[in-house]
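Worksheet: one structure, shown below.
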Amino acid sequence: MKDSILVVDDEKEIADLVEVYLKNEGYSVFACTNAAQALDCVSSRELSLAILDVMLPDMDGFTLCQRIREAHLFPIIMLTAKVEDMDKITGLTLGADDYITKPFNPLELVARVKTQLRRYTRYNSSETAAKETDCISIRGLAISKSNHKCTLNGKELPLTPIEFGILWHLCENQGKVVSSEALFETVWGEKYLDNNNTVMAHIARLREKMKEPPRRPKFVKTVWGVGYTIE
């Protein structure tokens with residue numbers, strides 16, 4: 001079965017270009033030019049990934065990302081013409097998994113898509129999980145790799161694949177401090193670059209879902225200048 005990808009960009013030329021490159025790789029593509037069309041597509045189709053432009057005529061891409069995250073965990077890649085770190089952090093904090101700035105090389109975007117889909121498949125694969133420790137429990141937090149579920153005090157947490165990967169890796173290394181570099185390279189599978197705020201943004205999103213106070217979290221704790229740990 002083909003992976004289905006949603007492409008949302010109000011510049012039809014860009015949407016068409018992305019669609020051509022993705023279809024050449026064998027993906028099924030649904031192209032939209034505004035958020036309303038995108039939300040209709042999300043509610044009526046089974047999607048594997050979404051590519052969202054930040055600047056849309058009826059709703060900004062960050063808000064659209066939030067709306068999608070209310071019910072879906074598939075990867076989201078943001079397209080943005082802005083290069084400021086805060087815009088990137090905003091997208092990641094609101095639930096995006098990756099971002100790419102315009103103008104972009106379509107081949108790079110295709111490579112990012114493939115990376116996100118591989119990661120999503122890996123973290124949702126029961127076959128892979130069966131070879132590893134299946135479930136970890138820590139003070140009311142239970143995380144299971146076989147069904148990609150995590151509960152806190154009996155309530156399920158709606159984690160994206162990236163958030164799940166971060167929490168699983170920290171739980172696997174309970175009592176140890178995991179550096180941002182090691183966390184990024186393990187979960188994202190890419191080389192860590194200096195001044196990379198991606199991990200920090202996802203940790204903030206994870207704590208928010210766990211309803212953890214930022215200054216005194218019970219679970220995911222910051223060891224300043226070193227990394228993160230679950231004691």
Original post:
How high is the relative contact order of the range 140-231, in percent, counting Cα pairs under 8 Å that sit 6 or more residues apart?
Top reply: 29
Original post:
Hey, if you drop one equal point scatterer on each alpha-carbon of the chain and run the Debye formula without solvent, what base-10 log of I(q)/I(0) do you get at q = 0.12, 0.13, 0.17 Å⁻¹?
Top reply: -0.66, -0.78, -1.28
**OP:** Can you tell me which of 150-158, 177-185, 10-18 comes out highest on packing, and rank the rest after it, using the mean Cβ neighbours within 10 Å?
**Re:** 177-185, 10-18, 150-158
Subject >> Whole-number D in µm²/s for the range 20-113 (Stokes-Einstein; Kirkwood sum over Cα pairs; 37 °C, 0.692 mPa s) >> reply: 242
**OP:** For the chain, with a Gaussian network of springs between Cα atoms less than 10 Å apart, report the residue from A142, A35, A50 with the top mean-square fluctuation.
**Re:** A142
Original post:
Percent antiparallel among DSSP beta bridges with both residues in the chain, to the nearest 5?
Top reply: 50
Subject >> Helix 12-24 vs. the chain, principal-axis angle (Cα, 0 to 90°, nearest 10) >> reply: 70
**OP:** Using just the helices of the chain, give the 222 nm mean residue ellipticity in deg cm²/dmol: DSSP H runs with n ≥ 4 each add -39,500 (n - 2.57), and the total is spread over all residues, rounded to 500.
**Re:** -12500 deg cm²/dmol
**OP:** Would you mind telling me the share, in percent, of accessible area of the chain contributed by carbon and sulfur at probe 1.4 angstrom?
**Re:** 50
Original post:
Roughly what angle does helix 106-123 make with the longest principal axis of the chain, taking Cα atoms, 0 to 90 degrees, to the nearest 10?
Top reply: 40
**OP:** State the extension gain, in nm to one decimal, for the chain segment bounded by R67 and Q37, taking 0.36 nm per residue of separation less the distance between their alpha-carbons.
**Re:** 9.5 nm
Original post:
When the gyration tensor of the range 161-231 is built from Cα positions, what are the square roots of 5 times its three eigenvalues, in whole Å, from largest to smallest?
Top reply: 17, 13, 12
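The values are calculated or read from the model by the stated rules, or taken from the named source; none is laboratory data. Keep in mind that this is a model prediction, so the values were computed, not measured. Using ideal geometry, Cβ is built from the backbone for each residue, glycine included, and neighbour counts are taken over all protein chains shown. What goes into the accessible areas is simple: the full protein's heavy atoms, side chains included, and nothing from ligands, DNA or RNA. Shrake-Rupley method; radii C 1.70, N 1.55, O 1.52, S 1.80 Å.
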